[in-house]
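The values are calculated or read from the model by the stated rules, or taken from the named source; none is laboratory data. Here the structure is a predicted model, which means the values were calculated and not measured. Cβ placement follows ideal geometry from the backbone for every residue including glycine, while neighbour counts extend to all protein chains displayed. Only protein heavy atoms, including side chains, enter the accessible area calculation; ligands, DNA and RNA are left aside. Shrake-Rupley method; radii C 1.70, N 1.55, O 1.52, S 1.80 Å.
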Amino acid sequence: MNHTFKMILFYLAMFVSLGLFWFWMALPSSNLITLDPNVKLQCLSYAPFGKDESPMNIAKGFRPSTEQMDKDLAHLATITSCIRSYSSVGLEELPEIARKHGLKMWLGAWVSSDVALTRKEIDTTIRLAKENKDIIETVVVGNEALLRNDVSASQLVDYIKEVKQALPDMIITYADVWEFWNKHPEIAPAVDRVTIHILPYWEDKPISVDKALLHVKNIRELMQQKIPDKEIVIGETGWPSEGRMREGAYPSAVNQALFTRGFVKMAEENGWKYNFIEAFDQPWKRMSEGAVGGFWGLFDANRADKHILHGFVSNFPNALWLFIASCTLSLVGLIWLWGLPRCSCKKAPYWFATLFGGSVALTWQANAYWIVSRNNLEYAWAILCLSIAFLLWLKLVRFLIDEEIEMRGSMARFMSVITLSEPKSEMFWEDALHLLSVSVVLIMALALAFDGRYLNFELGTLGIIATVYAVVYFATERKELNGLMEKVSGLTLFICALAVLLHESARNDFALNWVVFVLVFGSTLWLSPSKLCGITKSFLILIVSALLLVAMKEGVFVNESWIDVCAADPMLPMCQFRALLGKVVYLNYVGLSGIVVAIFSVLSGSYVLGMIAIIMGLFCLLTFNGFLGALIVVLGWWIVGYRLNDQCTL
């Protein structure tokens, strides 16, 4: 059998395998039930914001398009008889449009820590409720304000009483996660009905989709027992179609359809009153809730039907394009395979596994990045990670085919060039690829370890990086090149992997695979003859700084006891400091300035600036800005690690 014919058979098998893989990934669940085509949801959360719009801009004068709201409600009227709004300021036309389409409303007033804005919300809500009594089913004073620590329970009760006094003939309620009704029992007597949120995915101990409906039922019954004198209403329940897995809770279109159809059937059978979240995907929520926050809609952000209620639903509706992309990527093997004088059948399985696995991993990860990325920084991150993984994959393919590989990069050698300590050598680009490979994995690991609740597991790129380094470690003298920078990076990865595993538990398959890849990659950096020396002082400074930041966060920023105190006397020095700290965190002043300091530390070669950058990065990591904090820490580590390596060598 000649070489050309063998190559044709090889790629025929490759294309068939890739086709079967993506066909299998696109299959719907056999457990999906079929609802009556005329079924209508009782009520549906509605936010009138488009793909590039946000309620955060309403305070700056932005107003949603009335034309878009009219189109939205005309469509929603075919699947629901009621909509729930969360704010009144900026949405003053919404009740009139709802009336036009025969929709009732749960009218919401947004209660926040901003007293002036809350006052405006309550005044507007009261006015709209009086003007639209015929369609307002209930008025919701605040949504998860206690969960966010925006107000104290006593403040909230005062707001509720004010609205009740102004609207004595209307049903007044407050909406929050079910646990917060138990945590603050003083709220229930102030409302006409108890509106609870039951979101199995977001529970502190996440619930898998196969147990989610039973969980909703059990929680509703529990709340009815705890508050027997009030009507219990489900104000929010639902399931996301995209995002990161939390323990056993996996966001997907199929799981969203399973939960949604099952819940609608169960709620009608039990006679529950409910509102479902939500009508349309809201990309703006990704800023505060991660990628998963933007994918709770029955329709996507472009108003296209996701077929959650009815019809065929797939986790990979673009499977054909993913198949084409995978096949195209697998053809890179021809660069070296075609030049072989003869084809070795013994090596073919290794070639096949590498080309198949790499093409699938890169395509799957590129698709995930495309879905979850929301700004230029995240698109740049996606391009960087995919480029690194692609280059390393090419090196592995070449090594397995013609047994040639060059992986002699050194982090310290690259930094010596950047700091102008040494001239650029022929190994410069190898050093750059190595430094970037270690850095992107460190950023992934630190971000997930400190602030992983909203971040995805980038298994495709990480899997390729870890696999290539493992092969190179055992096939070459790679370990001899690992210095102090690599060794400390490896140790950091071990600690991060342990933290993620403890946080996620063994129920999360994505987390388990991620931990394995991080441990493998970390081992290729840690296992080397180099020594750790001269790092004690630097690490003690960082540990003390981290402890002080934790004390400030827990004692001031997230300490609920300050809410009532500062509500009573906002001019207290500690309350002023708390307000300032909140502004610094919210506007990300430390993160933005930390990036500048980190870049200057690298360009100047300053150890002191590098340490300051790492401390600023730790502040971000500890105050809910994991990705940017990890980026700053790693940039600071470039120069701090390089200077420590120099001292250790001397």
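Numerical summary
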item	result
Hz values of 3J(HN,Hα) by residue in segment 72-82 - Karplus curve (6.51, -1.76, 1.60), Gly and Pro given as x	4, 6, 4, 6, 5, 4, 7, 10, 8, 10, 7
With Cα atoms, 0 to 90° folded angle of helix 536-552 axis to the chain main axis	10 degrees
Segment 590-632: relative contact order as a whole-number percent, Cα under 8 Å and 6+ apart	40 percent
Average accessible area per residue (Å²) across segment 462-532 - probe 1.4 Å, nucleic acids and ligands excluded	41 Å²
Carbon + sulfur, % of accessible area of the chain - ligands and nucleic acids excluded, 1.4 Å	64 percent
Accessible area in square angstrom per residue, segment 20-170, 1.4 angstrom probe	47 Å²
Segment 426-516: relative contact order in percent, alpha carbon pairs under 8 Å with at least 6 residues between	40 percent
PHE557, PHE316, reordered so the largest accessible area comes first (probe 1.4 Å)	PHE557, PHE316
Estimated 222 nm signal from helices in the chain, with DSSP H stretches of n ≥ 4 weighted -39500 (n - 2.57), rounded to 500	-18500 deg cm²/dmol
Scattering curve values for segment 1-158, log₁₀ I(q)/I(0), Debye with Cα scatterers, q = 0.10, 0.11, 0.19 Å⁻¹	-0.53, -0.59, -1.17
Per DSSP, loop GluC sites (Glu not before Pro) in segment 45-109 with at most 12 further Cβ within 10 Å	none
Karplus-derived 3J(HN,Hα), 6.51/-1.76/1.60, for each residue of segment 485-496, Hz, glycine and proline x	4, 5, 5, 5, 4, x, 4, 4, 5, 4, 5, 5
Dipole of the chain [Lys/Arg +1, Asp/Glu -1 at C-beta], most positive-end residue of LEU331, ILE443, THR623	LEU331
Whole-Å semi-axes of the chain's equivalent ellipsoid (Cα gyration tensor)	49, 33, 19
Placed amide H near ILE171: partners under 5 Å, 5+ positions off or other chain	VAL139
Table column - 3J(HN,Hα) (Hz), segment 298-314, Karplus curve with 6.51, -1.76, 1.60, x for Gly and Pro	6, 10, 7, 5, 8, 6, 7, 5, 8, 6, 6, 7, 9, x, 6, 9, 9
Cα centroid of segment 458-521 to Cα centroid of segment 181-244, whole Å	38 Å
Cα gyration tensor shape for segment 310-392, rounded if a/c is under 1.5, else prolate or oblate	oblate
Other-chain or far-sequence residues with amide H under 5 Å of ARG244's (modelled H)	VAL292
Accessible-area ranking of ILE541, ILE308, largest first, probe 1.4 Å	ILE541, ILE308
Other-chain or far-sequence residues with amide H under 5 Å of ARG84's (modelled H)	LEU44, SER45, TYR46, TRP106
The chain - percent relative contact order, Cα under 8 Å, separation 6 or more	11 percent
Low-density loop cleavage sites - GluC sites (Glu not before Pro) in segment 449-519, where at most 10 other Cβ are within 10 Å (DSSP)	GLU477
1.4 Å probe accessible area per residue over segment 558-597, in Å²	61 Å²
Per-selection Rg to Rh, segment 533-637 - Cα, Kirkwood hydrodynamic radius	1.06
Ranked order, GLU162, GLU426, GLU203, GLU404 - accessible area, probe 1.4 Å, largest first	GLU426, GLU404, GLU162, GLU203
